[in-house]
1. Pop out the ³J(HN,Hα) list for the range 199-210 in order, Karplus 6.51 cos²θ - 1.76 cosθ + 1.60 with θ = phi - 60°, rounded to Hz; leave Gly and Pro as x.
2. Of the peptides 389-400, 313-324, how do they stack up when ordered by the mean number of other Cβ atoms within 10 Å, highest first?
3. Show which lysines lie in cross-link reach of K24 when reach means a straight Cα distance below 21 angstrom and same-chain residues fewer than eight apart are skipped.
4. If one computes the Cα centroid of the range 418-438 and of the range 345-407, what distance in Å separates the two points?
5. Starting from the Cα gyration tensor of the range 93-341, multiply each eigenvalue by 5, take the square root, and state the resulting semi-axes largest first in whole Å.
6. If amide hydrogens are placed 1.01 Å from N in the peptide plane, which non-local residues have theirs closer than 5 Å to the one on S291?
7. Can you pull the Rg over Rh of the range 261-381, Cα-only, Kirkwood?
8. Under 17 Å between alpha carbons, and skipping anything fewer than 8 positions from K287 in its own chain: which aspartates and glutamates qualify?
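Nothing in this text is a laboratory measurement; each read-out follows from the coordinates by a stated rule. Note that the coordinates shown come from a computational prediction; the quantities given were computed from them, not determined experimentally. Methodologically, a virtual Cβ is constructed for each residue, glycine included, from the backbone with ideal geometry; neighbour enumeration extends over all protein chains shown.
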Amino acid sequence: MNPLTDFAALPADAHKGEWLNWSKMADFENQSPPVIVTGEGVYAIESNGNRLLDGVSGLFTTQIGYSHGAEIGKAAAAQLETLSFYPNWAATHPSALALTDRILGLAPDRMARVLLTSGGSESVESALKLVRQHFLAQGQGLKRKIIARRGAYHGCTMGALSLTGIPLSRVPFEPLDPNVRHVVNTHQRSCLYCHDKGGCTLTCADAIEQAILAEGPDTVAAVVVEPIQNGGGLPPADGYGAKVREICDRYGVLLWCDEVITGFGRVGGWFASDRLGFNADICTFAKGITSGYAPGGGVIFTEAVGAPLINAEAMYAHGFTFGGHPLTCAVALTNLDIMERLGVIENVLANEDYYAAAMADVAASSELVVEARGKGFYHSLELTDNALTAPVAGATRKHGVIVRPDVRVKPMIVTAMPLISERSHIDELADALKAALVDVKG
C-alpha cells in the first residue's frame, strides 16, 4: 500500500501506534491527531481538506513553504542515484564539500569550519563537545562550565537539555550536567534590574560577567545564547550582543550563538547573530538549512576554535552516522538556491516592519494580550494567563491559521511565517488572531 495514495485505506486507529513528539498522548486515545497530507505555498492541508495558513513555518522550519518538492525531489533523486550514503568519518563526498563552501559563503566572515549533523539537538551536542575539547587540547581541563540563560531552549538531548533554562523541560530528566549556570535573559518588562527604567540598561549582559567571575574565569568555557530567545520570544536590546562579545573576550570565554531557529533568514539575515552584533565564535544551526525537506543541521566555528585540536593532533571524539548525509546535502544546496532565487532575505527585510505593526495591532485590540514582540519574521504575543494559550491557538486554527501556544516561560502565542509570505498572508494571520481573541474572551 502507498500511504500517499491510499491514506483512506489505513485502519481508523492507525494513529494509536505512533508516539508523537512533545504531545500529550492521552489527547489522541479516542481521536486522531490532525493529519497533514500536502501543502501549497504557505498553506498546510489536512486529510479532511482544511487549508491552513502555516503561521509557525512547521516549527520555524519551512522557510520556502511547501511548493518546491518537485525541484528538491529531483536533486535528491540525482544524489541517491550517484551516492546514496557514506559516513563523513575521516571521509567526505562532493555534496558535503559543496554545502560546506556554500554555508561559509553565507556565514559571518570570521567563520572557517563547518561540522554537519542531522538536526538541532545534535548540533548543540556537537558544539558542546567541541567547546570542551577546544580547552582540553590546550591543557585547560578546568574550563568546562557553560553560562546559559533562564528560559532558553537548546534542545532535548541530555547535554542540550542541560543548557536549556526551562524547568518544564528539565525537571523530568534531572539531574543534568552540573557544569551549567543560568543567568537572566533579555525580557526587559519583567527584568529585576530595569523593568522600571524605561528601557534596557544591559544589566542582563552584566549578569553574564558576574556569573563568570563567581565561577572563576579559569573554569568557564563558553556563553551560549539564542540571538532571539525562543522561550518567551525575547529579542535583545541594541548593544546586548556587542557587550556579551566584549565580556567573553575579557575572560577568554567562547561566545556560542544557538541559531537553530534564527539561522537562514528568519530575522532578515542569513544568521541573526551577525545582524544583531554578537560576532560569535560558534553558531549552531538546523531547521532552515533544508526548509524541512530533509533533516539537517550543523555547527560553524572560527579557525581559532578548531586550531587547538589540529595543533595537538587530537581526535574530535564525537559524531553521528547521518551527519552530512548526501541526500540532506543535496536538499540543502537546492533549498539555498531557491531561497536566493526567491529573495527571501530581501522579503523579510521589506516586510518585517509590516509584520511587527500587524502584531502590535492585534495586541492593542484585546485586553487578553500583554504585548507583542519580535523581529524579522518571528513575532509573539504575550497573553495575560497561561490558561488562555491553548484556547486562543485552537480558535485561531478554526479561523484557518496555525500558531503555537507556549507556556514554558510566559503565556505566549508564537508566530513565525514562512519567509516567502506576502503582506496579504500577514493580514490573514492578524485577522485570525483578532477573531480568535474575540472568540475566547466571549
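1. x, 6, 9, 6, 5, 4, 6, 4, 4, 5, 4, 4
2. The peptides rank, most packed first, as 389-400, 313-324.
3. K16, K398, K410
4. Each part reduced to its Cα centre gives a spacing of 9 Å.
5. 28, 21, 17
6. Here the answer is Q63, since their amide H atoms fall under 5 Å of that of S291.
7. 1.09
8. Answer for K287, where 17 Å is the Cα cut-off: D54, E122, E125, E226, D258, E259, D337, E340, listed by chain and number.
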